[in-house]
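Quick note: the coordinates plus some simple rules give every number you see, no bench work behind them. Quick caveat, the model's predicted, so the values are computed rather than measured. Cβ coordinates were reconstructed from backbone atoms using ideal geometry, including for glycine residues, and neighbour counts include every protein chain displayed.
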Amino acid sequence: MAQPHGILITWAVRAEGGFMVNAVDRHFSNESRGYSEAAAGVIAQPAGVAHVVFDAHGTGIARQFEDFAMPRRRRLFSPPKA
C-alpha cells in the first residue's frame, strides 16, 4: 500500500519495471510473483517495510490513480525549528 495515500499502486508499477527494495536498500522480490507472494516477502523484511522503486514511466502509471496524483494537503511531520 502506498503511503501516505493508502492506495495500491505497487502492482501496476512493478508490472512495468518497478522493483522492491527493503529498508536496507536490498532487492528481495521476484516481481513476476502475485500480491500474496509479494506481501509475504515484504512481511519477512526488516521491520516489514519495502519501497517500490520506479522511473518516470512508472510515475506516469502511478499518476493514473487519482489518490497518487492529488497534491498533498498536509505535512506528515514538521521540520525542526532552528
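Exposure proxy shown here: for GLU31, GLU37, the number of other Cβ atoms within 10 Å sets the order, fewest to most, as GLU37, GLU31.
A full extension of the chain between PHE28 and PHE65 corresponds to an added length of 10.7 nm, given 0.36 nm per residue minus the alpha carbon distance.
Charge tally around ASN30: other residues with Cβ under 11 Å, Lys/Arg +1 each, Asp/Glu -1 each, net 0.
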